Structure formats: C-alpha cells, structure tokens
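What follows is a single structure, written as structure tokens, with notes after it.
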Amino acid sequence: MARLPVSESSLVALAVLGLLVATGVPFVLPLVASDVPPAGAESATAPGAVTDRNPPASPGGPAVDGDTPVDDPRPGVLTVPPDARGDGDGGTETYCTAGPAGTADAGLDSLARLDADDPTGANVTVAVLDPTGFDVDDPRIRDSVEGTASFAARGESSVGNDGFDQHGTASATLVTRVAPDADLLLANFRTAYDFTRAVGWALDRGADVVVAPTVFYAKPDDGSAPVSRAVADAADAGVPVVVPTGNAAQRHWAGTHDGGEWVEFGDGRTRISLRGSSERVRLWLWWNESDAGDHNVTIHLYEETDNGSRQVARSRAYPRGPVGTNQVLIESVETNDLLSRSVPNGTYHVRVSVPANATHRLELVSTTHRFGDPEPRWSLAAPATAPTPGVVAVGAASPGDRRPMERSGRGPTNDGRPGIDLLAPGATPGGSGLSFTGTSAAAAYTGGVAALLQEVDPGITPRETERALEASAAPVDGNQTLAAGHGLLDADDAVACARNATVP
C-alpha cells in the first residue's frame, strides 16, 4: 500500500506567504531574526504558520499568489552549467550509482511508490525544530513522538505554543508520511539564539536527522551567522540537517548602490512598488559591506493617493548594531528587526535613502508583500546558506511540474555558491488531510527521505546523505541550477541509491 496518494494533479497549490486568514493566523514561512539571547524583555520575532485546515482568506486580504512556474531563461532565473553544481567544498566524490534519472515518477509520485517492501524509517530518530509549536496529541504524529522541548524564551512556554502549532504539526506529519516508523523529537523556539539551543538539544537526544523548517533574514550568507554555524556543527557531528530555502523570491530585491541620495531599483527608478494587500507592511533592509555610514540607510514607506504620494513610515536603526557584517533597520520596537507598520488597504511603494557618497550592496525583503520588480537571485536565507556538506537546502517545486515555485528562494550566495541543493514537492497530495505549501513542506518531505536512507545504510554520513539525494534527483526544465539545484527529489531512486551503496 502506497504511503501517499499518487495524483499530483490534485495538489493544493496555494502560494500563501503573508496571507492572513479568517482565524487571524498568518500564512508565512516561520522566520526569526535575532542572533542574541533575550535580555529582560522577550526577544520578539515574526513567527507565522501554514495551517493544515486551509481556511478561506479574510475579506479584503491579500491576493493568493499563483504558483506560476518560472520560465528559463528570464531575468531573475540565472542558470549555470551543470559542472558548476556543488556544495562549495570542491568535493566531487559519489556515494553510489543512482537509478535512472528523470523518471516520470519523481516528486510526490516517487513518494507514492514507496510501499511495505521499502524502508519506513525504523530505528531512525528525526528531530523537527519549528518556531511555532506542535500538537503532540494529533493522531497523525502522536504515536511517533519520543521527546519534546520548548526553547521559546517565554515564562510559560511549551511545545504546544498555546495552540499556534499548525506549521510545526504539519511539518512533523509530512516526515511521518514518508517515514512512518521514525521516532520524532519535537522542539519549538522563537529567536535565533533559541534555535541554536534546540539544535544542541536534538543532538544530545540522539537525533539521526534534523529537519528545521524555518528561515532567518538579515543574516550573512557565507555561513558565519550563528544559525548557520549551528546546523554546520550538527552536520560536522554526523547528523544531516534539512532546511528550506525560504519563500521570498518574489519579495526580495538586491542590488548595488553607486552614489546619490536614493537607491535605484532599475532604469533610474528610485521606488519599488508593493503588490498584494495586508493589514501590515513588513520589510527588512541589510547590506554586506561596511561603508554605508552610521545607520543612515533608511526605508521610506509611501502610500499612493489621489493627491500624490504620502510618506507613512520610515525605519530607524536597530541600536544593537550589525549582525556580522550586516545592519538591520527597524520601525517597530515590538518586532526589533524590521520595518513593521499597520496600514489600511491601499497602494504602497518603498524608497531607500542612503548616506552621501556611499557605495554598497543592499538587500531588501518583505514578508507581507511581493515587489513590483523583484530580484529572485540571492533570496536564499539562513540557515540554508551554510556551506557545510550535509546541510541540505531544499526549494519547492510547483505542483505537477518539474520547475521551482515562483516564490521559492534561490541562489547564488554572495560568496559564489549555487546555494540550493534540490527541489522537493511544495504542496501536499489530495486526500492527505493537509493543505501545506512552500519550502517548509519541501524540507519536511526531504527530511523523511533522509530518514529512509539512514535505515537502509545506518553508517551513511551527512555528506553521503546529500550526495544520494542530489544524485538521484530528476532533472528540471531549463537546467535552472540556482533555482532548482540538482533537480527534483526522487524518493524511490534515493532509496535505491543507498541500497546500491550497501551491496557488497
């Protein structure tokens, strides 16, 4: 009996980053943005959830993104030759010989082919670390839970997170759908500091695989951020870590400013429009160089009215200063790390002012709106930016298609690595009881397959786990290396790859 329904044509295809639903739960890939321990007051974050109930959008809420596959070539989808793929360590060794690549059964169909004769994750422990929480009494995961912990930096925090648990519960459920006999360690967190503690706890409890469906913006992408170092240390300790690339490709812009008072977003334009509507505008701005002046780079938010543009908010510098080589700007003391402004429905755009004569590279990202002219490249977010082999960065594939979702985060990193390792299904099959989309779903699927590889070959290393997943991945349309890595997850071929490696 197959573990998952076969039909990809019945997938729930919602691109819902930032979508507010009637219950008030934001459809966002969970994210956090503080690398320091909380001091006194709670270190605030912007956690969100993808609900597994799929409630309707509230009236007047943001339009649902269409997960339109990206065409290739086109602006923002940079391709590189196949021999440029890799994890940045110069390694080219193979773990095994994969089955025939490019079969029609990659993605969800390959998961559906797994049956009683295939591994089930027996004797494998998977840690799922999520910034929301988990319903440990949910019948889909209840019998698999081996241990729980909360690192949410709250006086009364618990792994249940006061019922704000849809995202974590859905992630754990997808892991068990692929590896039904795996044991689960479940932990939630709020800050980046708490995340590093959760990773350490998972290792101490004997996790064989770590799945961390979360992203952290405003972090250096060279692997130096504490969250990236935490997953790298786990891989170095012998535990593969599977992480999403993030859902911000259409909510991201990056470019170089070469002087003048205002940043140009292309063709001499000094403004970038926000698309979609929301009760809140949230934006991060950061840069990777030190010549931007003393916290003088500022986000300006404008509303477009019948009488012209009207400035409604601007950011101010976060007093804790740089995170690594980055600076973070804020508007709201409540969130501590971004411009966050409650706004009425309307039409908005953003301008960015800079110090006189400053030249530097800037990145701007929104978790509530798409940009009119986004730059999808460089939208990969930590900890997926860790360069260590065995940290598997997973993007989301469009339902029924071997192409990345339009919003799936992509490379390259600023230090020249492709960044993304492979794609996995970015949605759930019809009849599964879940409506869960984006790169978190993709990471959960891949984490389940990593557990199967551990059962087939208990001695498999994190590097070999990554190699097996990459070698067995099916090619995607257009060789979109920076958007799709080695291709689309093929669970059946990955298991065959591990079996091939263990045959005398």
Within region 239-272, which residues are in contact with a Ser or Thr (Cβ under 7 Å, 6 or more places away or on another chain) and more than 30 Å from Gly372 (Cα to Cα)? Pro240, Val242
Pick from region 115-139 the residues that are charged (D, E, K, R) and at pLDDT 95 or above: which of them is surrounded by the fewest Cβ atoms within 10 Å (Cβ to Cβ)? Asp137
Counting just the residues of region 208-240 that are among the acidic types (Asp, Glu) and in contact (Cβ under 8 Å) with a residue 40 or more places away in the chain, which one comes out least open to solvent (accessible area, probe 1.4 Å)? Asp221
Within region 241-274, considering residues that are among the polar types (S, T, N, Q) and more than 26 Å from Gln311 (Cα to Cα), the one surrounded by the fewest Cβ atoms within 10 Å (Cβ to Cβ): Thr245
Can you find a residue that is outside any helix (DSSP H, G or I), β-branched (Val, Ile, Thr) and under 17 Å from the mean Cα position of the chain (by Cα) anywhere in region 216-238? no
Filtered residue count, region 449-504, keeping only those that are β-branched (Val, Ile, Thr) and within 22 Å of the chain's Cα centre (by Cα): 4
For region 416-464, what are the residues that are among the polar types (S, T, N, Q) and either part of a loop (DSSP other than H, G, I, E, B) or modelled with pLDDT under 90 (or both)? Thr428, Ser432, Ser435, Thr437, Thr461
Just one listed residue, out of Asp162, Asp181, is touching a residue at least 24 places away in the same chain (Cβ under 8 Å), more than 17 Å from Val126 (Cβ to Cβ) and open to solvent by 50 Å² or more (accessible area, probe 1.4 Å), and it is Asp162
Within region 162-183, residues assigned to a helix (DSSP H, G or I) and over 21 Å from the mean Cα position of the chain (by Cα) come out as Asp162, Gly163
Under 8 Å by Cβ, and 6 or more places apart or on different chains, what pairs join a residue from region 382-399 that is among the basic types (Lys, Arg) with one that is in a loop (DSSP other than H, G, I, E, B) and buried (at least 24 other Cβ atoms within 10 Å of the Cβ)? none
When (1) open to solvent by 10 Å² or more (accessible area, probe 1.4 Å); (2) of a type outside the set (Ser, Thr, Tyr); (3) at positive phi are applied to Gly390, the one that fails is (1)
Ala153 vs. criteria open to solvent by 10 Å² or more (accessible area, probe 1.4 Å) and farther than 23 Å from Leu452 by Cα: yes
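Each row is one residue, and each column tells you yes or no for (1) modelled with pLDDT of 90 or more; (2) more than 14 Å from His257 (Cβ to Cβ); (3) part of a loop (DSSP other than H, G, I, E, B); (4) open to solvent by 60 Å² or more (accessible area, probe 1.4 Å).
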residue	(1), (2), (3), (4)
Trp286	no, no, no, no
Glu289	no, no, yes, yes
Asp294	no, yes, yes, yes
His300	yes, yes, no, no
Glu304	yes, yes, no, yes
Arg310	yes, yes, no, yes
Gly321	no, yes, yes, no
Members of region 184-207 found to be open to solvent by 10 Å² or more (accessible area, probe 1.4 Å), at pLDDT below 95 and not in a helix (DSSP H, G or I), listed by number: Arg190
Looking at region 239-251 only, could you name the residues that are outside any helix (DSSP H, G or I) and more than 14 Å from Val215 (Cα to Cα)? Val239, Pro240
Would region 353-372 turn up any residue that is of a type outside the set (S, T, N, Q), part of a loop (DSSP other than H, G, I, E, B) and either surrounded by 23 or more Cβ atoms within 10 Å (Cβ to Cβ) or modelled with pLDDT of 85 or more (or both)? yes
Within region 448-471, can you find the residues that are out of contact with any strand residue (DSSP E or B) (no Cβ under 9 Å at 6 or more places or on another chain) and of a type in the set (Gly, Ala, Ser)? Gly459, Ala468, Ala471
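Matching residues to (1) open to solvent by 10 Å² or more (accessible area, probe 1.4 Å); (2) touching an Asp or Glu at 6+ places or on another chain (Cβ under 7 Å); (3) at negative phi:
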{"site": "Thr461", "(1), (2), (3)": "yes, no, yes"}
{"site": "Thr465", "(1), (2), (3)": "no, no, yes"}
{"site": "Ala468", "(1), (2), (3)": "no, no, yes"}
{"site": "Ser472", "(1), (2), (3)": "no, yes, yes"}
{"site": "Val476", "(1), (2), (3)": "yes, no, yes"}
{"site": "Gly485", "(1), (2), (3)": "no, yes, no"}
{"site": "Asp490", "(1), (2), (3)": "no, no, yes"}
{"site": "Val495", "(1), (2), (3)": "no, yes, yes"}
{"site": "Thr502", "(1), (2), (3)": "yes, yes, yes"}
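The values are calculated or read from the model by the stated rules, or taken from the named source; none is laboratory data. Being a predicted model, the structure only gives us computed values, none of them experimental. Using ideal geometry, Cβ is built from the backbone for each residue, glycine included, and neighbour counts are taken over all protein chains shown. Quick note on the areas: whole protein, heavy atoms, side chains included, nothing else; ligands and nucleic acids left out. Shrake-Rupley method; radii C 1.70, N 1.55, O 1.52, S 1.80 Å.
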